[in-house]
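Input: a single structure, listed below in structure tokens.
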Amino acid sequence: MVNSHSHGGNLASSSSSTLRHVSVFTMTTASRRSKKRRKLRKQEVNIRAKFRATKESRPIISPKIKKYWLQRYSLFSRYDEGIKMDEEGWFSVTPEEIAVRHAQRSVGGGVVVDCFAGMGGNSIQFASLGYHVIAIDIDPRKVEMASNNAKIYGVDNYIDFIVGDFLQLAPFLKGNVAFLSPPWGGPSYKNINNFTLDLLKPVNGYTLFQVAQTITPNIIMFLPRNVDVCEVEQLSWLSSPPLNVEIEENYVHGFLKGKTAYFGNVAY
Ligand code: MGP
Ligand code: SAH
């Protein structure tokens, strides 16, 4: 009896423990499931909120700039952190990889004058290498955007932004390197077979080069890929004795984006 009782008791206790176990198990599964459901719901709400936020903060993309917007991370890898651009900025900013290259080539560039700073694509990379940058642009809204963009990269302390005309300011400036990425006359530059230096803006390339020489003979020019390279080489003859000159092609993901001319000590 005892045995059987004990056996029965054991059985009973064992079965009640099984029941308890089952019910605990069921409760746990149910609570886990509802917890999971709540978590999923929360994630869904967060995703919806994020999507709404990006939609609201998304810039207006005109058909003209869509092509450049699609390349936004090549222009600024930290684009999503609040980079600001205007229409001219979209089609003129130097792709980040090329701007890094320009900065790396500015050997001895304690002070770099970025004569046409735009959205700050180049200034940011010069500053990231520890150079002090004087960033000039004639358009105050662009200077505001460049300053915002430099803050995102954490280098605004290395850059003095100036709103003004490079042609007028240059005679008052001195630097170790002058960097020129002037306007090329809009995206239609590429329809020209041989882009001659007289097509650069706001004045022809010869004048731009001579004005830049008042800052330093170490000059870097970012130019269209279809630029007349013979004319670019001839710029070095504007100095006596002629400056060293080197011209390189700049590619991003295998696509030729522009050509860079290095003069003086920054040429190999
Ligand atoms: P692009 O030729 O307009 O673009 O400019 P992409 O994607 O090569 O077009 P595709 O249709 O030929 O494939 C190429 C790069 O040149 C841009 O990313 C800018 O860095 C530079 N760039 C273009 N423009 C019109 C200017 C300009 O006016 N000034 C300066 N400084 N750079 C420019
Ligand atoms: N390298 C820049 C793009 C420069 S685009 C970047 O990576 O963002 C050329 C810039 O030259 C434009 O922003 C335009 O406003 C500026 N600009 C035009 N004429 C100027 C002048 N006379 N002096 C200074 N800036 C000028």
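The values are calculated or read from the model by the stated rules, or taken from the named source; none is laboratory data. Since the structure is predicted, the reported quantities are computational estimates derived from the model, not experimental observations. Note that we place each Cβ from the backbone using ideal geometry, even for glycine, and neighbour counts take in every protein chain shown.
For Asn204, are the conditions met, namely being within 11 Å of ligand 1 (Cβ to nearest atom) and of a type outside the set (A, V, I, L, M, F, W, C)?
When the stated conditions are applied, Asn204 does not pass them.
When you go through (1) surrounded by 18 or more Cβ atoms within 10 Å (Cβ to Cβ); (2) more than 7 Å from ligand 2 (Cβ to nearest atom); (3) closer than 18 Å to Ile215 by Cα; (4) of a type in the set (S, T, N, Q) one by one for Asn149, which number turns out not to apply?
(3)
Can you tell me which residues in the stretch 104-123 are out of contact with any strand residue (DSSP E or B) (no Cβ under 8 Å at 6 or more places or on another chain) and buried (at least 24 other Cβ atoms within 10 Å of the Cβ)?
Met119, Gly121
Cβ-Cβ below 9 Å, separation at least six or inter-chain, first residue in the stretch 148-174 and in contact (Cβ under 8 Å) with a residue 60 or more places away in the chain, second of a type in the set (Gly, Ala, Ser) and in a helix (DSSP H, G or I): which pairs?
Partner pairs satisfying both residue conditions: Asn149/Gly121; Asn149/Ser123; Tyr153/Ala127; Tyr153/Ser128.
Scan the stretch 67-81 and tell me whether some residue there is assigned to a helix (DSSP H, G or I), crowded, with 20+ Cβ neighbours inside 10 Å and either of a type in the set (Gly, Ala, Ser) or outside the structural domain of Lys142 (by TED's automatic domain parsing) (or both).
no
Against the definition (in the same structural domain as Leu70 (by TED's automatic domain parsing) and in contact with a Ser or Thr (Cβ under 6 Å, 6 or more places away or on another chain)), how does Glu233 come out, yes or no?
When the stated conditions are applied, Glu233 does not pass them.
Please work out which one of (1) of a type in the set (D, E, K, R); (2) closer than 23 Å to Glu88 by Cα; (3) away from ligand 2 (no atom under 12 Å from the Cβ); (4) surrounded by fewer than 18 Cβ atoms within 10 Å (Cβ to Cβ) is the condition Asp156 fails and give its number.
It is condition (4) that Asp156 fails.
So Val100 ticks every box in (1) touching a helix residue (DSSP H, G or I) at 6+ places or on another chain (Cβ under 7 Å); (2) surrounded by 23 or more Cβ atoms within 10 Å (Cβ to Cβ) but one. Which box is left unticked?
(2)
For a quick check of your reading of the model, give me the residue pairs whose first member lies in the stretch 55-82 and is modelled with pLDDT of 95 or more, whose second is outside any helix (DSSP H, G or I), with beta-carbon atoms closer than 6 Å and at least 6 apart or on different chains.
Trp69/Ile61; Ser74/Pro95; Ser74/Val252; Leu75/Val93; Leu75/Pro95; Phe76/Ile83
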